[in-house]
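Visitor: This is the structure I have questions about; it appears just below.
Bear in mind these aren't lab numbers, they're just calculated from the coordinates by the rules spelled out. Values in this document were obtained by computation on a predicted structure and should not be read as measured data. We place every Cβ from the backbone using ideal geometry, glycine too, and count neighbours over all the protein chains shown.
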Amino acid sequence: MADTSSNIITIDGPAGSGKSTISRALAGHFEYAYLDTGAMYRAVGLKASLTKTAPDSDEELALLLDNLDLQILPGDEDSKVILDQKDISLEIRSAEMGMMASKVSARPIVRKKLTELQQQMAQKGSVVAEGRDMGTVVFPQAKFKFYLDATPEERARRRTEQLREKGMAADYEDILSQIKQRDHDDSSRALAPLMPAQDATIVDSSNMTINEVIHFIAEKIKTIQHNR
Ligand code: DC
């Protein structure tokens with residue numbers, strides 16, 4: 001297998017920590033592809049909801065995964081996500097689909113399939129891989145690992161703003177409680193829980209602007225490259 005360790009940047013962290021904006025900017029800066037793995041879990045969540053698949057039935061999930069026709073393409077802002085030839089890019093961004101994604105993502109059968117797809121995608125070239133388990137499970141060999149964090153209140157504030165900018169309804173208090181629930185569910189699940197890789201750099205962005213975070217990470221990557 002080709003050594004892909006030095007052309008993978010992993011960005012993990014909880015919901016609303018700024019992962020997407022920062023991953024996209026880093027991908028542009030280093031001319032890497034952007035791999036939005038949350039969108040993949042959201043697409044599986046949406047498909048489960050559309051097909052009335054029970055998120056806790058491995059048998060039903062296996063059927064869904066065997067017939068998964070999913071493409072993640074570069075988009076203007078968020079990734080363009082095509083499921084069964086239909087553009088679901090906007091649909092998967094609702095808070096409800098975030099919860100659904102979190103639910104299906106706890107199932108080993110779903111994680112196994114999506115991990116394989118993510119590793120295949122990274123074989124095609126350099127990537128900035130964004131998610132919850134990029135540095136710990138999917139790309140443990142990556143040389144550049146970051147874990148972004150921020151307080152739940154700051155993350156809820158950002159998410160509310162993002163959804164409103166997309167023209168979607170968003171209530172701050174609801175989003176805050178969903179974020180806390182998702183933090184709990186994503187961190188306490190048995191398989192690939194949300195946590196920093198041992199060798200990840202932790203960045204608390206609560207009091208940093210997006211540009212400060214991007215600059216910090218880009219400089220850190222350059223330092224690691226020069227010291228090797
Ligand atoms: O990053 P996001 O909010 O789009 O992710 C949606 C859900 O998908 C998140 O609550 C947990 C799950 N997820 C995961 O378990 N592993 C990943 N690598 C990415 C997302």
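Visitor: How high is the relative contact order of the chain, in percent, counting Cα pairs under 8 Å that sit 6 or more residues apart?
Guide: Reported as a whole number, the value is 32 percent.
Visitor: Follow-up. Please tell me which of these pairs span more than 20 angstrom C-alpha to C-alpha: LYS19/LYS80; LYS113/LYS143; LYS19/LYS113; LYS47/LYS113; LYS103/LYS124; LYS47/LYS80?
Guide: Exceeds cut-off: LYS113/LYS143; LYS19/LYS113; LYS103/LYS124.
Visitor: Taking the Cα centre of the stretch 1-131 as origin, work out the dipole magnitude from +1 charges on Lys and Arg Cβ and -1 charges on Asp and Glu Cβ, in debye rounded to 20.
Guide: Dipole of the stretch 1-131, to the nearest 20 debye: 140 debye.
Visitor: Give me the orientation-averaged projected area of the Cα convex hull of the stretch 22-102, in nm², one decimal.
Guide: The directionally averaged projection comes out at 5.6 nm².
Visitor: On to the next question. Using the reciprocal of the averaged 1/r over all distinct C-alpha pairs, how large is the Kirkwood radius of the stretch 45-172 in Å?
Guide: Value: 16.4 Å, from the Cα pair sum.
Visitor: Further, regarding this structure: Viscosity 0.692 mPa s, temperature 37 °C: Stokes-Einstein D of the chain from its Kirkwood Cα radius, in µm² per second?
Guide: Taking Rh from Cα pairs, D becomes 185 µm²/s.
Visitor: If you don't mind, another one. Ignoring everything except DSSP H segments at least 4 long, calculate the 222 nm mean residue ellipticity for the chain; use -39,500 (n - 2.57) per segment, divide by total residues, nearest 500.
Guide: -15500 deg cm²/dmol
Visitor: Right, another one. LYS112: which aspartates and glutamates have alpha carbons under 20 Å from its alpha carbon, excluding same-chain residues fewer than 8 sequence positions away?
Guide: Filter leaves ASP12, ASP36, ASP56, ASP58, GLU59, GLU60, ASP66, ASP69, GLU130, ASP133, ASP185, ASP186.
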